[in-house]
């Protein structure tokens, strides 16, 4: 990532981290205090201290990104369409989408079937091998994993 | 006496079953290490889950062999592909690949193997000799010292894994501490940040977070980026000449010592050890211009240091229960899963275990040397497999490994979420190692801070009174603020009389 992109990313990241630390601080303040133990022993004390440090660090990144003009983010139609058309974004969305689909079906369909299908589709989508090679590799991998772990090592599979 | 115990344990562990286990695991480790995208950390994390039901001795031996093999294996792809198989082998690319391009690939692999073995043996000696010493010192640690030690671990890990922008490393570490606060806390039993989700009452398990941030994030990076590989496939005799190994003995010894000391520092790891050692070798070399163009010294320095670092990184694991590197952190988790309790009490509960562990490390190192020199050509075929075929298969292992520990689909969900978080963090320059290290050290910070305050009725003064606490506080201060201008000016001011004295002595020496 070049400096300009890093500054813009820092600007967005710092806002997210500041929001997260404020949320943690709020949750710590509303936590039960168990005052008989002393205020210093309340369950919310350590996360509160570290959330305050996180807030301070994120604020430094935020201020630094503003000084370096990281706030100049153009969320126009052209910028969005460029982002959507990017090959990296497509590949990431595809990889994550397939993983999520696999996760949704895990436990609902037999492990061997769902794993073989996931492997075959992913290898085909990312052009890892010819279709017949990916079919053989997918089925073999799923069966071997099932045999080795569930049958030999008695490990529980989803 | 330590050496005698070590030799006794080496003899005790000598059995055909152990040898087969260690050779197979080491070979698997080499494959993990040499494949770009699969790291030593990921290998140990996966095998931790898959060896869960094995006997403790066999499982730990397997994991150690994976660790040693993977750190070495990274040099293969670094030399032949110019892509470091693991981060530890990044410095190996600098001279290993130019050597291979000039037709000396076999020599480079041979020297990398012998250097790695030499580094491992130096690490082994340090492991068996220093661990009991550090363990005995650690027995004096109370809540105050343990608290500062954990904070120091997170701070220095953040500092060193994000050298360009340490703030990002510290942010990652603090996020890890906050994540470790999820679940039922240990003193009052209050569920923190659980939001009514029952699965969160036990907090985030280490394995799903680790497999997600290291494993799945790497899979996503590989599938998203897609690297083209060009393997140098023609190589000759790998076993190096003894004379060429002995010629650079001083570089090897110095690099080994550097590797051990960097390994001792929590969370820093093998990649930094290799770079620091490479830098030392370059500064001290008579031919610095050869570095980066195929210097044998450079290759030896990097490879010796990264493998010596493995031994060094295991010293704080056993004696303090604080990992010296990311793979060592996973190994620490594995030891806990297998009912071995590393930490200050190991010298009381099972003082002999350190030597048994060192003996396992010895067998792993021997296996690495034998396999590294003998099985080279068949492994070149594996290097030619496309990442887009390999990564989905690795994902299946990530799923199986994550699920095997608790049998909960929730853990797979956690692994996926942390995979995405790890992916974004890496893309935006936030190191993930401090997050994982802090997830381990977080409960130590939390419990020891509150326990210490309860013992002293809320008085914070005892936290900064003992000699060990003072040393740790100073170390934390310099870790966090050592680079700032006011601190640098203050240090220069304090040491001014000393520098003046040195310059006067030098001048007088020149006059004579």
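What follows draws every value from the coordinates through simple rules; no lab data is involved. Quick caveat, the model's predicted, so the values are computed rather than measured. Please note: Cβ atoms are built from the backbone with ideal geometry, for glycine as well, and neighbour counts cover all protein chains shown.
Just tell me how shielded B:472-479 is by partners: mean number of partner chain Cβ atoms within 10 Å of each residue's Cβ, no decimals.
Average per residue, whole number: 0.
Mean separation of Cα pairs under 8 Å and 6 or more residues apart, divided by the residue count, gives chain B a relative contact order of 27 percent. In this simple spin-label model, placing a label point 7 Å from the Cα along the Cα-to-Cβ direction at both residue A:80 and residue B:55 gives a separation of 6.4 nm.
For the stretch A:3-73, averaging the sequence separation of C-alpha pairs within contact (under 8 Å, six or more residues apart) and dividing by the residue count gives a relative contact order of 53 percent. A convex hull fitted to the Cα coordinates of chain A yields 213 cubic angstrom per residue.
Peptides B:487-499, B:14-26 ranked from most to least packed give B:14-26, B:487-499, packing being the mean of other C-beta atoms within 10 angstrom over each peptide's residues.
When peptides A:80-92, A:20-32 are sorted by average Cβ neighbour count within 10 Å, with the highest value leading, the order is A:20-32, A:80-92. The simple Förster model, with R0 at 25 Å and r as the Cβ-Cβ distance, assigns residue A:4 and residue B:483 a FRET efficiency of 0.55. Across all directions, the average projected area of the convex hull around the alpha carbons of chain B is 26.7 nm².
The average projected area of the protein assembly as shown, computed from the convex hull of its Cα atoms over all directions, is 33.6 nm².
Values of log10 I(q)/I(0) for the stretch A:3-73 across q = 0.12, 0.24, 0.26 Å⁻¹ run -0.41, -0.92, -1.00, by the Debye formula with one identical scatterer at each alpha carbon and no solvent. Inter-chain neighbour count for B:417-423: the average number of beta-carbon atoms from partner chains within 10 Å of each residue's beta-carbon is 1.
With a 10 Å cut-off around each Cβ of B:394-405, the average count of Cβ atoms from other chains is 5.
When you restrict to C-alpha pairs under 8 Å that are six or more residues apart and normalise by the size of the stretch B:20-138, the relative contact order lands at 24 percent.
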